[in-house]
There are 2 protein chains.
Amino acid sequence: MNKPQVPDFLKNIRVVLARPSHPGNIGSAARAMKTMGLTRLYLVEPKTFPSDEANTLASGAVDVLEQAVVVPTLAEALTDVTVACALTSRRRELTTPLSTPRETTPELIARAQDGEQVAMVFGNETFGLSIDEVEQCNRLVTIPGNPDYFSLNLAMAVQVMTYELFSHSGVTVDYLRAEGETATRGEVEGFCGHLDQTLEHIGYYRRRNGERLMRRMRTLFNRAGMLREEVDILRGFLKQVQRVADGHVQHDDD
Amino acid sequence: MNKPQVPDFLKNIRVVLARPSHPGNIGSAARAMKTMGLTRLYLVEPKTFPSDEANTLASGAVDVLEQAVVVPTLAEALTDVTVACALTSRRRELTTPLSTPRETTPELIARAQDGEQVAMVFGNETFGLSIDEVEQCNRLVTIPGNPDYFSLNLAMAVQVMTYELFSHSGVTVDYLRAEGETATRGEVEGFCGHLDQTLEHIGYYRRRNGERLMRRMRTLFNRAGMLREEVDILRGFLKQVQRVADGHVQHDDD
């Protein structure tokens, strides 16, 4: 299976960092974005930018930093945006409905697919978003977490939110799955019959309830999701057991 | 609404870092875990531990580091575990089925609730998990991401996986929602009638299709999810408009 493409509409989703203090977080956020297929980073009044520290932490995502748009106010980062999500972990006395990344993402994806520009807005590391900044957004998003220790690092929050977006983008991990043909019901049943016959043949059923034993074995092998190759290996083993039992083969330890 | 408790069964879910090289990642992973209510960290053959760097990056999660269990082999970290998930981003020639964190999590939560011990196993920053390590796990988990840049940092991967677990833990963000009573259908309709009457009264409908205009307004205010308080503010405004129109009030700019 071929490696899938990052869908084009992700270009319509931007990450906005409002007044970030630590250059390292800008770099880590860029890396987090790129791992999830996002490239458009806006920086509102960053304390330090560009910087070597940001470049180092961005690792292979320096291109995201190079294309970053630096603006003096949040309003300028949102001019052409229809839906802006304020990421917040505090209780806000605002009537904007609060939702989780998972609840919000389908709408964001749908709008981005329609060509609208959407934004995820993250506040300063220490102070978060100001009331004024939150009021410029039309969605309030909170990442669920430990109510007693809500200390999600800025870049970690970007990672979680962009992961959530990517996981709704329609790109699956199927291309990473190993290929292997699942055995059919007939093949599994053929193996179970062979096992039954072998257990009988070597006298394993003596003084045991063979029917009950085979029912357990059948349940196990049906549950295991056997591949054709595994069935072949096990049937080869059973054949060898029968040959040994019939005296056609020398035991290795003879 | 009261702050919810972290559910007790999360204690049955452990994070295992196999051969981590960078002390900073151990600290960031501990912080990531604690933000998502997890506390049990196992370190297999860490290059450096304990360390000041890990403590610094753990921030308020130093307790997780202090309780961390250091073991010489992965097998020892998994002895009492029933389900161990190997986190991997590479295509593996293994027939263990590959799934995403979202697909895997319900099973992990159910087992932890039943008292089973489950583990999420993360490999070395540079080399990932060895074949031998992966074979000691019975699930293969891949975080979906940009197929062209899969460079998720170790602690970021821990954050995403633990976020996914927490988001299935049943703890909601309801306690963070601002309280505000949603207006009933009758209240919204009462407001719309009042608006209609006001627009008529001030002559806004002259040469306009009033019925069509009100239909648009009704759609808008029904969609907006109005709160009772907002209805009250707007009806107060309409009353004032009518008083002004009737000449009962002086305009501010007179």
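The values are calculated or read from the model by the stated rules, or taken from the named source; none is laboratory data. Everything quoted here is computed from the prediction, not taken from an experiment. Positions of Cβ are backbone-derived with ideal geometry, glycine not excepted, and every protein chain shown enters the neighbour counts. Heavy atoms of the whole protein, side chains included, go into the accessibility calculation; ligands, DNA and RNA do not. Shrake-Rupley method; radii C 1.70, N 1.55, O 1.52, S 1.80 Å.
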*Is one or more of the residues making up segment B:8-20 without any contact (Cβ under 8 Å) to a residue 60 or more places away in the chain and either open to solvent by less than 60 Å² (accessible area, probe 1.4 Å) or hydroxyl-bearing (Ser, Thr, Tyr) (or both)?*
no
*Assess whether residue B:183 counts as being small (Gly, Ala, Ser), touching a residue at least 12 places away in the same chain (Cβ under 8 Å) and touching a Lys or Arg at 6+ places or on another chain (Cβ under 8 Å).*
yes
_Residue check for residue A:151: at pLDDT below 95, within 30 Å of residue A:107 (Cα to Cα), out of contact with any helix residue (DSSP H, G or I) (no Cβ under 6 Å at 6 or more places or on another chain) and assigned to a loop (DSSP other than H, G, I, E, B)_ = no
*Out of (1) touching a residue at least 24 places away in the same chain (Cβ under 8 Å); (2) surrounded by fewer than 24 Cβ atoms within 10 Å (Cβ to Cβ); (3) within 14 Å of chain A (Cβ to nearest Cβ); (4) not aliphatic (A, V, I, L, M), what's the single condition that is false for residue B:49?*
(3)
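Would you mind finding the one in A:60, A:37, A:24 that is surrounded by fewer than 20 Cβ atoms within 10 Å (Cβ to Cβ), in contact (Cβ under 8 Å) with a residue 12 or more places away in the chain and within 10 Å of another protein chain (Cβ to nearest Cβ)? Full working, then the answer.
On the way: A:37 fails: surrounded by fewer than 20 Cβ atoms within 10 Å (Cβ to Cβ); A:24 fails: within 10 Å of another protein chain (Cβ to nearest Cβ).
Step by step, each of A:60, A:37, A:24 is checked, and only A:60 is surrounded by fewer than 20 Cβ atoms within 10 Å (Cβ to Cβ), in contact (Cβ under 8 Å) with a residue 12 or more places away in the chain and within 10 Å of another protein chain (Cβ to nearest Cβ).
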*State yes or no: is residue B:103 farther than 19 Å from residue B:164 by Cα and among the charged types (D, E, K, R)?*
no
_Regarding segment A:98-105, can at least one residue be identified that is of a type outside the set (Gly, Ala, Ser), in a helix (DSSP H, G or I), within 14 Å of another protein chain (Cβ to nearest Cβ) and out of contact with any Asp or Glu (no Cβ under 9 Å at 6 or more places or on another chain)?_
yes
*Of (1) small (Gly, Ala, Ser); (2) over 28 Å from residue A:138 (Cα atoms); (3) in contact with a strand residue (DSSP E or B) (Cβ under 9 Å, 6 or more places away or on another chain), residue B:225 satisfies all except one. Which?*
(2)
_Scope segment B:93-122; condition open to solvent by 10 Å² or more (accessible area, probe 1.4 Å) and either among the small types (Gly, Ala, Ser) or free of Cβ contacts under 8 Å to residues at least 40 places away in the same chain (or both); matching residues_ = B:93, B:95, B:99, B:103, B:107, B:110, B:114, B:115
*of a type in the set (Ser, Thr, Tyr), crowded, with 21+ Cβ neighbours inside 10 Å and within 23 Å of residue B:160 (Cβ to Cβ) - does that describe any residue in segment B:74-88?*
yes
*Can you tell me which of B:121, B:160 is among the aliphatic types (A, V, I, L, M) and closer than 27 Å to residue A:99 by Cα?*
B:160
*Take the residues of segment A:218-233 that are in a helix (DSSP H, G or I), within 12 Å of chain B (Cβ to nearest Cβ) and of a type outside the set (A, V, I, L, M): which is surrounded by the fewest Cβ atoms within 10 Å (Cβ to Cβ)?*
A:229
*Could you list, in sequence order, all residues of segment B:3-51 that are under 18 Å from residue B:167 (Cβ atoms) and among the aliphatic types (A, V, I, L, M)?*
B:6, B:10, B:13, B:15, B:32, B:33, B:36, B:38
*Looking at segment B:127-184, which of the residues that are open to solvent by less than 20 Å² (accessible area, probe 1.4 Å) and among the acidic types (Asp, Glu) is nearest to the other protein chains (Cβ to nearest Cβ)?*
B:164
*When segment B:196-205 is examined, which residues are found to be open to solvent by less than 70 Å² (accessible area, probe 1.4 Å) and either farther than 20 Å from residue B:241 by Cα or in a loop (DSSP other than H, G, I, E, B) (or both)?*
B:203, B:205
*Six or more apart or on different chains, Cβ under 7 Å: which pairs go from a residue in segment B:236-254 that's open to solvent by 60 Å² or more (accessible area, probe 1.4 Å) to one that's at pLDDT 80 or above and not charged (D, E, K, R)? Could you list them?*
B:251/B:244
*Does segment A:124-138 contain any residue that is assigned to a strand (DSSP E or B) and in contact (Cβ under 8 Å) with a residue 60 or more places away in the chain?*
yes
*Checking residue B:47 against (1) part of a helix (DSSP H, G or I); (2) over 18 Å from residue A:144 (Cβ atoms), which single condition isn't satisfied?*
(1)
*Could you list, in sequence order, the residues of segment B:1-26 that are basic (Lys, Arg) and modelled with pLDDT under 95?*
B:3
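One line per residue, one yes/no per condition, for (1) of a type in the set (A, V, I, L, M); (2) within 33 Å of the chain's Cα centre (by Cα); (3) part of a helix (DSSP H, G or I); (4) assigned by TED's automatic domain parsing to the domain that holds residue B:59:
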| position | (1), (2), (3), (4) |
| --- | --- |
| B:147 | no, yes, no, yes |
| B:157 | yes, yes, yes, yes |
| B:170 | no, yes, no, yes |
| B:194 | no, no, yes, no |
| B:207 | no, no, no, no |
| B:239 | no, no, yes, no |
